[in-house]
Amino acid sequence: RYYSGEKKAPVLTVFIGGNHEASNHLQELPYGGWVAPNIYYLGYAGVVRFRGVRIGGISGIFKSHDYRKGHFECPPYNQQTIRSAYHVRNIEVFKLKQLKRPIDIFMSHDWPRSIYHYGNKKQLLKMKSFFRQEVESNTLGSPAASELLQHLKPTYWFSAHLHVKFAAFMQHQTNSKEELPKATKFLALDKCLPHRDFLQIIDIEHDPSAGDSLEYDAEWIAVLKATNSLVNVTQSSWNMPENNGLHAKWDYSATEEAIKEVLEELNHNLKIPCNFTLTAACYDPSKPQKHVEPVHTINPQTTEFCAQFGLTDINDRIQQAKEEGSVRGEYEEEEEEEEMDSTGSAEEPSEYNTDNSGLSSINPDEIMLDEEGGDEDLSTCSVDPSPDHPPDFSASFSDIRIMPDSMAVSSDDAMDSTNEELEKSAVSKQVEEKSLNERPLKRIGGNENGNSGIKKIKRRNQAIYAAEDEDKTE
């Protein structure tokens with residue numbers, strides 16, 4: 001993929017990052033920005049508006065051992081930071097939890113934990129049988145995203161990561177009799193391959209008289225300003241302020257006065273400027289460059305955004321710390337210790353009891369990086385039904401659910417009829433996932449003696465548009 005500097009995306013696109021993005025480029029835009037004309041990135045976390053529709057999102061995937069760290073990574077990355085750069089941080093979740101106004105659409109890469117209890121689990125496990133152990137133990141997905149789902153209660157929530165189409169309908173409980181009940185329609189789609197359910201069009205209520213420009217969200221800008229003092233660029237673990245007697249302030253939500261101030265600063269013009277700027281030379285196929293080490297770049301869009309709203313430029317702060325030798329020096333001193341324990345057990349215990357959200361099951365559809373065990377915990381993977389994992393559930397899901405109190409639990413597999421708006425029609429053909437014995441997952445870059453060579457990416461579908469659907473049964 002490359003951008004020539006001449007073309008413009010035909011459709012306005014708003015997106016978040018996952019665990020297979022160009023982290024060095026997206027890191028230039030921690031508060032969001034244009035990665036190309038008409039393609040807008042929400043940043044580590046962000047909220048924007050389009051024709052009256054409020055769209056929020058959080059980038060990355062959840063990993064407990066990095067969750068409470070600051071954003072300290074910068075190019076050139078090493079074997080640890082190339083992965084931790086896309087791990088969700090608690091400060092982003094904290095910022096989003098300050099929002100009080102309704103959210104129409106929210107996006108996350110990994111699924112909110114427990115969302116599979118609100119859809120057709122039988123069909124999900126038939127399509128992805130290797131999820132069984134984590135679904136039964138309620139450990140699949142991101143607990144941080146589940147926390148946001150409980151707090152934000154958006155009308156729609158879209159996710160990816162697990163490479164399967166799945167719809168769910170969650171009815172939230174109300175905190176009082178006066179409060180109107182809210183519901184969230186969840187949808188995840190499959191990967192973009194032939195014969196896969198990777199696209200669905202949904203009509204969203206909007207303001208047809210509004211302009212076609214992407215706009216800042218005044219409440220979100222006010223939250224960014226209120227939480228600016230919490231910015232941290234070290235890898236030290238830290239907790240967000242909470243009402244526990246240890247913090248003088250724990251409520252950073254935006255007041256009506258603060259939101260009004262933002263509007264006045266912008267002269268009530270919330271339009272996001274189309275200020276995309278090239279920060280790297282365009283790729284020229286006729287002049288390929290090999291082994292070019294990425295550099296830490298300060299993006300003019302971020303500089304302008306931070307100057308306009310009085311925010312800390314995270315990359316500038318990282319660069320200062322790097323020049324002082326603190327970030328790189330601290331990391332190298334602790335690198336050996338972290339290699340010995342990549343689960344975070346040497347640190348303070350995580351606020352979440354499990355950490356399987358990074359696609360810990362061996363997913364045959366996932367693009368695997370060589371020696372990615374530091375990111376994907378294969379020791380907890382499940383397998384297809386066997387004597388140890390019989391196909392029939394040995395216990396009711398109601399006995400093992402660990403749900404937030406504000407979530408109403410639906411019956412186990414009765415969601416087929418409630419997903420009509422998201423699932424326009426039933427899947428025309430049910431396919432069984434091939435067993436892991438039939439399609440063993442291999443890693444590239446090592447020899448028989450276990451010595452790794454040059455790191456390579458193993459893509460399962462080198463000729464995806466020439467081959468048959470890889471999930472088709474023989």
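The values are calculated or read from the model by the stated rules, or taken from the named source; none is laboratory data. Worth saying up front: this structure is predicted, and the values here are computed from it rather than measured. Reconstructed Cβ throughout: ideal geometry from the backbone, glycine too, with neighbour counts over all protein chains shown. The area values use the complete protein model at the heavy-atom level, side chains included, leaving out ligands, DNA and RNA. Shrake-Rupley method; radii C 1.70, N 1.55, O 1.52, S 1.80 Å.
Restricting the stretch 274-321 to residues that are assigned to a loop (DSSP other than H, G, I, E, B) and touching a strand residue (DSSP E or B) at 6+ places or on another chain (Cβ under 9 Å) leaves a set whose member that is least open to solvent (accessible area, probe 1.4 Å) is ASN299. Residues in the stretch 10-49 that are within 26 Å of ASP207 (Cβ to Cβ), of a type in the set (A, V, I, L, M, F, W, C) and part of a loop (DSSP other than H, G, I, E, B): VAL11, LEU12, ILE16, LEU42. The set of residues in the stretch 101-137 being closer than 18 Å to ARG196 by Cβ, assigned to a helix (DSSP H, G or I) and touching a residue at least 60 places away in the same chain (Cβ under 8 Å) consists of GLN123, LYS126, MET127, SER129, PHE130, PHE131.
Residue by residue, here is whether (1) closer than 19 Å to LEU230 by Cβ; (2) modelled with pLDDT under 95 holds:
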site	(1), (2)
ILE39	no, no
PRO75	no, yes
VAL93	yes, no
GLN98	yes, no
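Residue by residue through the stretch 89-100, note down the ones that are open to solvent by 10 Å² or more (accessible area, probe 1.4 Å) and not in a helix (DSSP H, G or I). Scanning the stretch 89-100 gives LYS97, GLN98, LYS100.
Taken over the stretch 178-221, the criterion of being within 16 Å of ILE272 (Cβ to Cβ) and out of contact with any strand residue (DSSP E or B) (no Cβ under 6 Å at 6 or more places or on another chain) is satisfied by ALA210, GLY211, ASP212, TYR216, ALA218, GLU219, ILE221.
With respect to being of a type in the set (Phe, Trp, Tyr), closer than 15 Å to ARG101 by Cα and either open to solvent by less than 70 Å² (accessible area, probe 1.4 Å) or over 22 Å from the mean Cα position of the chain (by Cα) (or both), TRP220 fits the description.
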